[in-house]
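Student: Dropping the structure in here first, questions after.
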Amino acid sequence: MSDCASVPVVFIIGGDDTLVRVSTDESLRAAKERALIDTRNTGRPPDEWEVRDSGGVLLDQDLDVGTYTFNACPDVWRAATDATRLYLTLRLWNPAPLPDPPPPSESVNPLQLHVAEAMAVQDSIQQATAAAIRARGKR
């Protein structure tokens, strides 16, 4: 737990850095929403954004910033390179699984349909070839 009232945090959104001073008793969710507004990334709802640390670990946004062991309290604003860096990315949605397809009709097997189509194409090619040979022989 941090002993300071606020810490500098660099939020990286779409590859762009934005330095924000975040209160240690502020939820990470509120800090994220402020960073999104500051960078005008308001096209998607804030709940669709994840916060990850530099190691790629997904952070719990409901915890206060002071809960995390971000950089120690700076006496002055740190340079952006010294501040804690957090990555905001759009969450990848896991849609509900698709329902199972209906069972194939017992009377028609899909493989049998493909075989029948292939045989019909083969017959057409043989007939066309035979017709071409006959036509050539009449010349």
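Student: Among what's in the stretch 31-58 and is among the hydrophobic types (A, V, I, L, M, F, W, C) and farther than 14 Å from residue 7 by Cβ, pick the residue that is farthest from the chain's Cα centre (by Cα).
Tutor: Taking the stretch 31-58 and keeping what is among the hydrophobic types (A, V, I, L, M, F, W, C), we get 31, 35-37, 49, 51, 57-58.
Next, only the ones that are farther than 14 Å from residue 7 by Cβ stay: 36-37, 49, 51, 57-58.
Working: 36: 18, 37: 21, 49: 10, 51: 13, 57: 15, 58: 14 Å.
Looking at the filtered set, the residue picked out is 37.
Student: Out of 16, 38, report the one residue that is in the same structural domain as residue 65 (by TED's automatic domain parsing) and surrounded by fewer than 13 Cβ atoms within 10 Å (Cβ to Cβ). Give the derivation first.
Tutor: Details: 38 fails: surrounded by fewer than 13 Cβ atoms within 10 Å (Cβ to Cβ).
Testing whether each residue is in the same structural domain as residue 65 (by TED's automatic domain parsing) and surrounded by fewer than 13 Cβ atoms within 10 Å (Cβ to Cβ) leaves just 16.
Student: Could you give me the residue pairs with C-beta distances under 7 Å whose first residue belongs to the stretch 3-31 and is farther than 13 Å from residue 83 by Cβ and of a type in the set (S, T, N, Q), whose second residue is modelled with pLDDT under 85 and assigned to a strand (DSSP E or B) wherever it lies, and which are 6+ apart or on separate chains?
Tutor: 23/6; 24/6; 24/7
Student: A further question on this structure: Could you tell me which of the residues 89, 81 is closer than 21 Å to residue 16 by Cβ, within 40 Å of the chain's Cα centre (by Cα) and modelled with pLDDT under 70?
Tutor: Values: 89 fails: modelled with pLDDT under 70.
The conditions single out 81.
Student: Same structure, new question: So for the stretch 61-70 (the condition being of a type outside the set (A, V, I, L, M), assigned to a loop (DSSP other than H, G, I, E, B) and either within 18 Å of residue 15 (Cβ to Cβ) or modelled with pLDDT of 85 or more (or both)), does at least one residue qualify?
Tutor: Of the stretch 61-70, the ones of a type outside the set (A, V, I, L, M) are 61-62, 64, 66-70.
Narrowing further to those that are assigned to a loop (DSSP other than H, G, I, E, B): 61-62, 68-70.
Checking which are either within 18 Å of residue 15 (Cβ to Cβ) or modelled with pLDDT of 85 or more (or both) leaves us with 61-62.
The answer is yes, given that some residue of the stretch 61-70 is of a type outside the set (A, V, I, L, M), assigned to a loop (DSSP other than H, G, I, E, B) and either within 18 Å of residue 15 (Cβ to Cβ) or modelled with pLDDT of 85 or more (or both).
The values are calculated or read from the model by the stated rules, or taken from the named source; none is laboratory data. Since this is a predicted model, take the numbers as computed values, not measurements. Positions of Cβ are generated from backbone atoms using ideal geometry, with glycine treated the same way; all protein chains shown enter the neighbour counts.
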